[in-house]
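Bear in mind that the values in this text are calculations on the coordinates, not laboratory data. Predicted, not measured: the structure shown is a model, and the values here were computed from it. Cβ atoms come from the backbone with ideal geometry, glycine included; neighbour counts cover every protein chain shown.
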Amino acid sequence: MAVVAAWSAWQPADVAVWWMEALPAVLGLPLVWLLWQRFPWTRLAAWAMALHAVVLLVGAHYTYAETPLGFWLQDAFDFSRNHYDRIGHIAQGFFPALLAREVLSRKTPLRGGWLAFLATCFCLAFSALYELIEWWAALALGAGADAFLATQGDPWDTQWDMFLALCGAVLAQLILTPTHNRQLAALRAARY
């Protein structure tokens, strides 16, 4: 992750946008490492954090509206815009859903449907908070916030962003719950 972070920080398209987009990864990953002895994560959660950091750091380097992968998707599928921003918001639900699920599973008695529901609610709340941060950036920076916002002229960008985070959160839990449950059980067995 240090190599990806260093590459991302090296001559980004917009330094201010880089800080706004990369901050969760730049602060979060060292924090996880420092607290690992007190709260070790499952292998799945660790991979989720790393992959989410890659999505954030790539978007931060180019700005979300200017990533090469988004342009490739735009050309390949005849999209009207660069959709890397959409990938970022699916990831904003997908990966944090596993982290929220892990914390809730380990620190509360929640199981089953309530666990999935509250992990999904966490992702939606986080997505809404991020949209508020984007709104505040737009108010503070005006047109200077365009690279950070990556709306690309879509008046429904905020709603799409939250919907895609919801889809990512649900998808992660539908696909990865059995694997996550096995890893959580192994982690519990190893700690006791």
- Item | Rounded D (µm²/s) - the chain, Kirkwood Rh over Cα pairs, Stokes-Einstein at 25 °C, 0.890 mPa s | 140 µm²/s
- List every DSSP H helix in the chain whose Cα atoms extend 15 Å or more along the helix's own long axis and whose mean Kyte-Doolittle hydropathy is at least 1.0. 15-35, 43-62, 112-141
- Task: Calculate the spin-label point distance for Ser80 paired with Ala2, positioning each point 7 Å from the Cα along the beta-carbon direction, and give it in nanometres.
- Result: 4.6 nm
- Could you rank the peptides 105-112, 42-49, 127-134 by their average count of other C-beta atoms within 10 Å per residue, with the highest value first? 42-49, 127-134, 105-112
- Checking rank on 91-102, 156-167, with mean other Cβ inside 10 Å and highest first, the result is 91-102, 156-167
- Query: What's the center-to-center distance, using Cα atoms, between region 28-77 and region 88-122 in Å?
  - Reply: 18 Å
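For every helix of n ≥ 4 consecutive DSSP H residues, a contribution of -39,500 (n - 2.57) applies; sum these over the chain, divide by its total residues, and give [θ] at 222 nm rounded to the nearest 500 deg cm²/dmol. Before the final figure, lay out the partial values.
Numbers: 8 runs with 152 residues, N = 192.
The per-residue figure over the chain is -27000 deg cm²/dmol.
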